[in-house]
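The values are calculated or read from the model by the stated rules, or taken from the named source; none is laboratory data. What you see is a predicted model, and the numbers here were worked out from it, not measured in a lab. FYI the Cβ positions are ideal-geometry reconstructions off the backbone, even for glycines, and counts take in every protein chain you see. Accessible surface areas use protein heavy atoms only, side chains included; no ligands, DNA or RNA. Shrake-Rupley method; radii C 1.70, N 1.55, O 1.52, S 1.80 Å.
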Amino acid sequence: KQSARSNQLHPQSAFSIALRATLGEGMAATTVAAYLALALLQASARGAATDAGESCQPIDDASLMQMARKANFEKVASPGAGTCGDPSWFLPTEECEGPDTTDAWGNRRRKVYTPPAASCPNTTAYTWCDSNEALSARVDKMVAEMSFDELAAQVSCDIFGGVPAIERLGVNQYNYIRENNHGLLWNDVCPVPTMFPQVITMAASFNRTLWRAIGVASAIETRYNYNTGKQNSLFTQTNFNIFLDPRWGRGQEVPGEDPFLNTDYAKTWTKGVQAPEGPGGVPLAGTSCKHFTAYTFEGAGGWAYPFPDSNRHNFNAVVPEVDLADTHLPMYKGCAEAGALGMMTSYNAINGVPMAANGPFTNGKAREDWGFTGAVVTDCGAVEDIWLRHKYVKTATEAAGVALKGGTDIECGNTIKTSATPAMKPDLQKAVKASFGVRFKLGEFDVRPEKNLSTKLYDQGAHAKLAYEAAVQGAVLLKNDRKTLPLAKGIRLAVLGPLKHGTWEVLGNYAAYKNSANWSDSPNVVTPVQGLQQCGSGVTLVVTEGGPYVCSPTDQVIPGTNQAVQKPEADVVLIVAGLYCQDEQLQDVDRRPEESGKCQSGCLESEGCDRPGLALPQGQRMLIDRAAKWGLPVVLVLMSGGPVDLADYATMTGVQSILWMGYPGQAAGTAMARLLFGMERPTGRLTHTFYKGTYTDALSIKDMNMRPDSKKGYPGRTYRFVADKWVVYPFGHGLSYHEWKYSWAATPWAHKPSTGLPWKCSVSVTAEVVDSAGCRSKPETSILLFLLPPRSAGPLAPLKALRAFERVSGTKSTVTFDLSDKDFMLAGADGTFSLVTGTWLAELAKPSVLAPRRVEVGKFGCKCDGR
């Protein structure tokens with residue numbers, strides 16, 4: 001079952017962009033709301049900015065709408081081979097009609113699919129088909145018709161087939177385990193879904209409009225594949241856990257290490273995916289927020305029974321109440337507030353209770369406290385874990401019982417189906433009402449006119465361009481000594497490094513493939529070298545073959561030959577380095593620690609595989625060290641989800657620039673090249689701390705405590721609690737080609753009204769460009785506002801915490817952040833929040849040199865010192 005799960009969920013590839021095809025005329029209808037979101041994405045209107053004298057003023061909304069419509073509805077000519085910046089270059093399409101005899105997988109990918117049968121052909125077909133009746137009443141009528149065996153089967157979801165059809169009730173087969181982390185994971189179909197950058201990269205944009213637009217786009221693709229019969233679900237899973245330990249293999253899948261950021265991302269993404277633009281105004285698709293909660297550890301792996309070491313299937317996360325309250329719960333509360341249709345529980349236990357059976361969390365916090373009304377689904381095999389690996393109960397039947405009592409509505413697995421007893425029927429009915437409530441909300445049992453079941457192809461081109469925009473906006477410039485970047489025209493650029501030809505390697509895990517049997521068959525992905533070839537007009541590329549592969553222990557061209565890469569005839573050296581995001585040779589994720597050479601070498605970060613430390617693989621370090629001594633400027637581009645130890649390179653004079661791109665998705669090469677050549681400018685900010693390598697020596701990956709403990713030498717976790725001495729690049733760090741000046745604006749007292757309504761405290765910040773660096777692209781940046789509590793707040797208080805952020809554009813912008821009393825509340829030992837009065841400090845993300853601002857907080861309001 002687990003092997004099947006990994007085979008289904010982890011094949012990587014993407015859909016086709018850039019070097020081919022023109023934008024076809026039959027591009028397909030989509031919803032107005034979706035492209036309203038795309039139009040509001042300011043960066044989508046930038047186009048090519050190649051002239052030094054180009055205007056830096058923001059584009060107005062009317063121009064944005066016109067640009068979006070042009071992208072969607074006008075056919076444009078195919079660009080020349082050397083073109084970089086023509087909008088058509090980002091707008092490919094893939095023809096899917098008829099067999100393709102040149103593609104071994106073509107017939108499978110282009111097979112004729114049958115749209116799902118109408119469950120309610122008319123309002124009288126079944127008693128639950130009248131959409132004018134209350135949804136809960138309709139669900140009750142359907143579930144009342146189900147037998148015990150049918151109920152049990154509807155609770156147990158097979159990873160491949162889902163839950164079975166019930167033909168006599170007009171119920172179709174349905175699979176609740178569908179992934180949509182950075183694009184719909186659905187392989188071997190035409191077209192392959194758009195592969196946006198991995199979540200850790202998208203989050204670094206700090207752009208809510210971008211997040212929502214991509215959520216909408218991915219939901220459009222999900223609805224298209226459902227309507228055409230290519231997949232049998234609209235219920236998709238997305239990961240919002242905290243990136244707690246920098247070694248965690250799945251850190252790439254989450255927004256970052258900060259609960260405020262992750263919560264904002266979760267709410268925004270959910271609202272995008274569930275935009276009410278499906279047939280008859282139902283949501284386009286459903287979001288299920290995973291993994292609820294405190295999941296940040298893969299562990300030893302292996303399926304031997306009993307497990308020789310702890311891993312995610314038997315790990316008991318010991319988490320203090322204060323850490324649960326201010327770190328691990330906010331994202332899922334945010335999902336509930338945004339109306340998420342689902343929530344997936346994690347494998348681990350929390351303080352002794354497996355999450356698949358944790359009623360106080362699922363029934364108590366989620367449903368009762370937060371008002372969650374969707375369906376709760378387990379991770380695959382988690383109900384079996386309850387008895388077999390956690391040993392919380394002794395038998396499979398007991399595990400089925402405690403899972404149902406604990407709030408599970410859908411298990412990924414078959415323990416409940418095979419082990420439930422008739423006495424559990426009331427609990428089964430309750431669970432099925434929750435899961436079918438989701439399907440009713442998504443319109444499956446509404447009478448649908450054929451015009452509402454659109455099988456027209458979505459706008460591939462617009463989605464491909466959106467993937468490019470996300471890759472650009474999520475890139476973070478960590479270092480840029482001597483203003484080495486952007487690169488000058490006419491240079492000779494040597495290109496080295498193991499990921500210079502990366503295809504699936506630049507996508508991140510949970511990516512979709514054109515051909516899941518051959519991940520490298522990805523003509524849709526623009527590799528770094530391809531991007532340089534397209535965008536490097538006037539630049540001579542010296543592509544050095546050989547050198548270290550990702551996991552190599554040496555920088556020799558061929559290990560064992562003593563033939564290291566030699567100094568090239570070039571002006572600048574570009575090294576594209578990083579980690580593996582997946583293991584294409586071993587897709588059973590839980591076997592990776594004991595059977596994957598990549599995992600054992602420490603060069604893989606993925607589901608099932610944590611890293612032993614933060615160092616880049618030895619061969620890559622040797623290459624960088626060697627290149628730094630050649631007397632040429634070295635530009636280092638990093639493709640990784642988690643942080644790597646950059647302490648040496650941060651101060652190494654030979655390494656003059658470092659650009660982190662995470663896993664930038666299908667437009668990786670295009671985005672990288674245009675950033676390096678100054679046609680775009682990096683504006684992203686880190687959503688996770690880049691630590692020194694010694695940090696991970698000081699704490700176990702299994703220690704969940706957020707707060708430091710000086711007596712034990714424990715440094716704490718994330719920027720909120722870790723001292724600067726452990727840090728190379730902090731959360732929120734991000735440089736720009738433009739030089740920005742920041743200033744505070746005056747703020748009056750804000751009093752709490754006598755009616756008891758919460759007060760607001762406004763803090764205003766002005767950002768102004770003082771050096772345009774040639775102004776080859778429109779100035780944009782993100783302003784991050786942190787609050788530092790007073791010293792009197794006590795030992796549990798964080799050093800600081802993110803409380804607001806906003807992305808701005810143009811040469812001068814002023815942002816006002818409206819804060820409430822909740823922003824000045826901190827959690828106590830019992831997890832209860834209370835207002836902390838006294839002198840707080842407000843500060844911006846580094847490397848801002850603006851002095852912090854004092855904010856005096858009292859019971860009835862706050863005031864600022866006016867600096």
Solvent-accessible area per residue for region 433-548 at a 1.4 Å probe radius, Å²? 30
Rg and Dmax of region 545-680, Cα atoms, in Å? 15.5, 46
Treating cross-link reach as a plain straight distance, find the aspartates and glutamates whose alpha-carbon is under 18 Å from the alpha-carbon of Lys456, omitting any fewer than eight places away in the same chain. Glu25, Glu74, Glu94, Glu95, Glu97, Glu221, Glu277
For region 825-832, Karplus couplings with θ = phi - 60° (6.51, -1.76, 1.60), whole Hz, Gly/Pro x: 9, 10, 7, x, 4, 8, x, 8
Give me the percent of the accessible area of region 610-729 that comes from carbon and sulfur atoms, probe 1.4 Å, all protein chains in place. 49
Candidate aspartates and glutamates - alpha carbon under 19 Å from Lys489, same-chain residues fewer than 8 apart omitted: Asp51, Glu54, Asp86, Asp481, Glu569, Asp571, Glu680
Ranked packing of 590-597, 189-196, 154-161, most packed first, by mean Cβ within 10 Å: 189-196, 154-161, 590-597
Tell me the per residue accessible area of region 296-396 using a 1.4 Å probe; a whole number in Å² is fine. 31
What is the Cα centroid distance between region 245-270 and region 778-833, reported in whole angstrom? 17
Among Lys290/Lys391; Lys465/Lys800; Lys230/Lys433, the pairs whose Cα-Cα distance exceeds 28 Å are Lys465/Lys800
Taking all pairs of distinct Cα atoms, average 1/r, flip it, and tell me the Kirkwood hydrodynamic radius of region 653-727 in Å to one decimal place. 15.3
Note, region 259-265: 3J(HN,Hα) by Karplus (6.51, -1.76, 1.60, θ = phi - 60°), whole Hz, Gly/Pro = x, goes x, 5, 4, 4, 5, 4, 4
Taking 8 Å as the Cα distance limit and 6 or more residues as the minimum spacing, I'd like the relative contact order of region 571-663 as a percentage. 32
Hey, rough spin-label estimate for Lys741 and Val849, points 7 angstrom out along Cα→Cβ, what's it come to in nanometres? 1.1
Over all distinct alpha-carbon pairs, what is the Kirkwood Rh of region 605-747 in angstrom? 17.4
Mean-position separation - Cα centroids, region 493-511 and region 147-214, in angstrom: 27
When the Karplus curve 6.51 cos²θ - 1.76 cosθ + 1.60 is applied with θ = phi - 60°, which whole-Hz ³J(HN,Hα) does each residue of region 570-575 get, with x for Gly and Pro? 7, 9, 9, 10, 10, 10
Where only C-alpha atoms are counted, convex hull volume of region 791-838 per residue in Å³: 106
Return an integer: the convex hull volume of the alpha-carbon atoms of region 767-867, in Å³ per residue. 112
Going by accessible area, probe 1.4 Å, with all protein chains left in place, what is the ranking of Lys725, Lys567, Lys500, largest first? Lys725, Lys567, Lys500
Considering only protein heavy atoms, with the full assembly of protein chains and a 1.4 angstrom probe, order Thr373, Thr503 by accessible area, largest first. Thr373, Thr503
Mean Cβ neighbour count within 10 Å, used as a protection proxy, ranking 465-471, 684-690, 120-126 highest first: 465-471, 684-690, 120-126
In whole Å, what is the distance between the alpha-carbon centres of region 550-588 and region 698-717? 34
Where Ser131, Ser782 fall by accessible area, highest first, once all protein chains stay in place (1.4 Å): Ser131, Ser782
Listed peptides 243-251, 440-448 by packing density, highest first (mean Cβ within 10 Å): 243-251, 440-448
Please list, in chain and number order, the residues 5+ apart from Leu541 or on another chain whose amide H is under 5 Å from its amide H, with Hs placed from the backbone. Leu493
note: region 533-594, Cα-Cα separations exceeding 15 Å make up a percent value of 67
Taking region 111-243 as the region of interest, what is the percent of Cα-Cα pairs per 5 angstrom bin, listed from the shortest bin to the one with the maximum distance? 2, 9, 15, 17, 17, 15, 12, 8, 5, 1, 0
